[in-house]
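J.: I am attaching a structure below and will ask some questions about it afterwards.
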Amino acid sequence: MPPPNITGQLHLGHAMFLTLQDIKTRHQALQGGDALWLPGTDHAGLATHAKILEELSAHGQDPSDLAAYWATGHQWKERFHQRITTQMKRMGIGCDWSKERFTLDEQYQASARHAFALCWKQGWIYRANDQWYMDMRQLAAPLLAALDSGELTITPQKSANKLRSFLTNLEPWCLSRQIPWGLPMPLKFHQGIWLLDEGDTPGTPSTDTLDTWFLSALWPFASLGWPHQTPDFEKFYPGIWMETGEDILFFWCARMWMMGKFLTGRWPFTHIFLHGLIRDKDNQKMSKSLGNGIDPLEVIDQFGADALRWHLASRAQPALDMKFNPEALKQDAAWLNKIWNAGRFLQQFGPPIPQPCPPHLHHLRKELNGLLEQDKFPDAARLLQRAFRDAFCGQWIEHNKEALRAGNPAILSEGWTQFHHLLSLLHPFLPFMTTQLHEQLGLPLAR
């Protein structure tokens, strides 16, 4: 999971990535795969530093009092971490909370110090504007080659071309920040030179902290316990799929690729899917300054999490911005109501006795799998909507109403079988509704 910054609450852009990543994870699990979706939050150095200073100022505290500074920072982290995780859970996401990480937790800091040491020993890190920089040219060359060969891919392709331009004109990476909130650079000044701090190194420690992006560049493997060969690291690294927004393709994704290849010898994932921005109904970018931002919880309170998820997934074209229109969301909520109504309709004729998946739904599952493997979320949503609303509700139920009312057990079993397997296909998109219907009706989750 791209770890959200602990500087506030989630917005609809976060709701988009949560929805798409949850669909992929649940879909993989339904196929029998051992899928891991690892959650966490980012300490967000400069942004959180600014919030800490605001908080200290509001309470008349001295910003140079480091004890008060760090206490305020951790209070901020706990408060907004709680808010963010609450929002995530209300979205219905199925990540593995037992493996949650934070980019300043103790183990993660140890991983980052080790990564810094390995880069330092390569001679890539140097001091110049009293700032520390890292020469990225040797890291960029393998990435460019992998993009050119097709070993690594990005959807849409135009974003891959944009990344190539970044990489061919790469400037040194400024690693140092003059703020307390973050990981202190593991360096000491001794007898006129800077030395790598390896625990017992003599000298005066650096007061600079590492750029937040340096720590988040290690996310796919440091979050699994690297450099230690933990069971999770051995089992789940490397991953396959990364989904995020184009605005951090270079700042985050490319750096994860470069650092992952250098530090582990393997690319952390092979494919990136980029979603677009969510704009308001007047096509303006949502922002606090414009006052047009929307809290996902407000939408969920009004329409339900499943309706919001469906609305986002069914419009998630790669790197294309989408307009968020509450009127359109009403239509999505109305179609989801047909699923409830279909279940209630069948229930009045007898308990569910589903049979093995019929051939036409087996074919539908295969088609759906192909679309989701290609990240064609809107096409997958339309396929499911046609299958449930049009084919099942509009045709099969209408055609068989009289037989059901007459008590035909074969027809009832056929209806429950279709409903059962369609619910399972819809589950990655609509986890709340499908889980509740499975429980209420006594249906197992079909694979």
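J.: Need the list of lysines near LYS99 for cross-linking: C-alpha distance under 29 angstrom, and skip anything on the same chain fewer than eight residues off.
T.: List returned: LYS24, LYS51, LYS77, LYS89, LYS235, LYS261, LYS376.
J.: Another question, then. So which trypsin sites (Lys or Arg not before Pro) in region 281-372 end up in coil per DSSP with only 11 or fewer other C-beta atoms within 10 Å? Please list the in-between numbers first.
T.: Details: sites: LYS281, LYS285, LYS288, ARG309, ARG315, LYS323, LYS330, LYS338, ARG344, ARG365, LYS366; in loops: LYS281, LYS288, ARG315.
Counting only loop positions with at most 11 other Cβ atoms within 10 Å, the trypsin sites (Lys or Arg not before Pro) in region 281-372 are LYS288.
J.: Given the -39500 (n - 2.57) contribution per DSSP H run of 4+ residues, what per-residue ellipticity at 222 nm results for the chain, rounded to the nearest 500 deg cm²/dmol? Numbers along the way, then the final one.
T.: On the way: 18 runs with 224 residues, N = 447.
About -15500 deg cm²/dmol.
J.: Tell me, what ³J(HN,Hα) does each residue in region 219-233 have, in order and in whole Hz, if you take phi through Karplus 6.51 cos²θ - 1.76 cosθ + 1.60 with θ = phi - 60° and put x for Gly and Pro?
T.: 3, x, 10, 4, 5, 9, x, 3, x, 6, 7, 6, x, 5, 5
J.: Continuing with this model, one more query. Diagonalise the Cα gyration tensor of region 232-332 and give the resulting equivalent ellipsoid semi-axes, square root of 5 times each eigenvalue, largest first, whole Å.
T.: Numbers: eigenvalues 218, 52, 27 Å².
After scaling each eigenvalue by five and taking roots: 33, 16, 12 Å.
J.: Let me ask something else. Around TRP252, what is the net charge, scoring Lys/Arg as +1 and Asp/Glu as -1 over all other residues with Cβ under 13 Å from its Cβ?
T.: The answer is -4.
J.: Identify all lysines with a Cα-Cα distance to LYS401 below 26 Å; exclude those on the same chain that are fewer than 8 residues away in sequence.
T.: By straight Cα distance, LYS401 reaches LYS338.
J.: Under 1.5 on a/c is rounded, so check that first for region 7-140, then, if it is not, pick prolate when a/b is larger than b/c and oblate when it is not; a ≥ b ≥ c are the square roots of the alpha carbon gyration tensor eigenvalues.
T.: On the way: a/c = 2.39, a/b = 1.21, b/c = 1.97.
Oblate is the answer for region 7-140, as a/c is 1.5 or above yet b/c matches or exceeds a/b.
J.: Could you run the Karplus curve 6.51 cos²θ - 1.76 cosθ + 1.60 with θ = phi - 60° over region 38-45 and give me ³J(HN,Hα) per residue in whole Hz, x for Gly and Pro?
T.: Running phi through 6.51 cos²θ - 1.76 cosθ + 1.60 with θ = phi - 60° gives 9, x, x, 9, 9, 6, 6, x Hz.
J.: Express in % the proportion of alpha carbon pairs of region 325-391 at distances exceeding 14 Å. Don't skip to the answer; put the middle values down first.
T.: On the way: 1563 of 2211 pairs.
Cα-Cα pairs of region 325-391 separated by over 14 Å account for 71 percent.
J.: Could you give log10 I(q)/I(0) at q = 0.09, 0.10, 0.13, 0.22 Å⁻¹ for region 105-217, computed by the Debye formula over C-alpha point scatterers of equal weight, without solvent?
T.: Debye output, listed in q order: -0.30, -0.37, -0.59, -1.23.
J.: Now for a separate question. Once you sort the root eigenvalues of the Cα gyration tensor of region 3-43 as a ≥ b ≥ c, which label holds: rounded (a/c under 1.5), prolate (a/b larger than b/c) or oblate (the other case)? Write down the numbers at each step before the final one.
T.: Numbers: a/c = 5.86, a/b = 2.00, b/c = 2.93.
Because a/c hits 1.5 or more and a/b fails to exceed b/c, region 3-43 counts as oblate.
J.: Would you check the accessible area of TYR126, probe 1.4 Å, heavy atoms only, in square angstrom rounded to 10?
T.: Only protein atoms counted, so the area is about 90 Å².
J.: Turning to a different aspect of this structure: Express in whole angstrom the spacing between the alpha-carbon centres of region 33-101 and region 1-28.
T.: So the separation of the two Cα centres works out to 16 Å.
J.: Now a separate question. Computed over the Cα atoms of region 287-354, what is the convex hull's projected area averaged over all directions, in nm²? Spell out each step's value before the answer.
T.: Numbers: hull surface 26.9 nm².
Reported value for the Cα convex hull: 6.7 nm².
J.: For region 216-278, which trypsin sites (Lys or Arg not before Pro) are both in a DSSP coil and crowded by at most 16 other Cβ atoms within 10 Å? Kindly include the intermediate steps, with their values, before the conclusion.
T.: On the way: sites: LYS235, ARG255, LYS261, ARG266; in loops: ARG266.
Sites meeting the loop and neighbour criteria: ARG266.
J.: Here's something else I'd like to know. Can you give the Kirkwood hydrodynamic radius for region 169-230, in Å, rounded to one decimal and based on Cα pairs? The partial results should precede the final answer.
T.: On the way: mean 1/r = 0.0745 Å⁻¹.
Averaging 1/r across every pair of different Cα atoms and inverting gives 13.4 Å.
J.: Then there's this: Over the Cα atoms, compute the radius of gyration (one decimal) and Dmax (the largest Cα-Cα distance, rounded to a whole number) for the chain, in Å.
T.: That works out to 25.3, 95 Å for Rg and Dmax.
J.: With a 1.4 Å probe and all protein chains left in place, how much of the accessible area of the chain comes from carbon and sulfur atoms, in whole percent?
T.: 52
J.: Calculate log10 I(q)/I(0) of region 191-284 for q = 0.10, 0.13, 0.19, 0.24 Å⁻¹, where I(q) comes from the Debye formula with a single equal point scatterer on each Cα and nothing for solvent.
T.: -0.41, -0.62, -0.95, -1.19
J.: I would also like to ask the following. How large is ³J(HN,Hα), in whole Hz, for each residue of region 392-399 in order, when computed from phi with the Karplus curve 6.51 cos²θ - 1.76 cosθ + 1.60 and θ = phi - 60°, using x for Gly and Pro?
T.: Coupling constants for region 392-399: 7, 6, x, 10, 5, 4, 4, 6 Hz.
J.: Follow-up question, since we're still on this one. Once you order the gyration tensor axes a ≥ b ≥ c over the Cα atoms, which shape class does region 307-447 get: rounded for a/c under 1.5, otherwise prolate or oblate by comparing a/b with b/c? Please report the intermediate quantities before stating the final value.
T.: On the way: a/c = 2.11, a/b = 1.69, b/c = 1.25.
It is prolate, given that a/c is not under 1.5 and a/b is the larger ratio.
J.: Taking every DSSP beta bridge with both residues inside the chain, roughly what % is antiparallel (nearest 5)?
T.: Working: 16 of 29 bridges.
Antiparallel bridges make up about 55 percent of those DSSP assigns within the chain.
J.: For region 53-109, count the residues as N, evaluate 2.2 N^0.38 Å, and divide the Cα radius of gyration by that value, please. Don't skip to the answer; put the middle values down first.
T.: Details: Rg = 14.8 Å, N = 57, 2.2 N^0.38 = 10.2 Å.
Here the Cα radius of gyration is 1.45 times the empirical estimate.
J.: Okay, next question. Give me the 1.4 Å probe accessible area per residue for the chain, excluding ligands and nucleic acids, in Å². If you can, show how the numbers build up before the last one.
T.: On the way: 20130 Å² over 447 residues.
In whole numbers, the chain has 45 Å² accessible per residue.
The values are calculated or read from the model by the stated rules, or taken from the named source; none is laboratory data. Just so we're clear, the structure is a prediction, and the values are computed from it rather than from any experiment. With ideal geometry, Cβ positions are generated from the backbone for all residues, glycine too; neighbour counts draw on all protein chains shown. Keep in mind that these areas ignore ligands, DNA and RNA; they rest on the heavy atoms of the full protein, side chains included. Shrake-Rupley method; radii C 1.70, N 1.55, O 1.52, S 1.80 Å.
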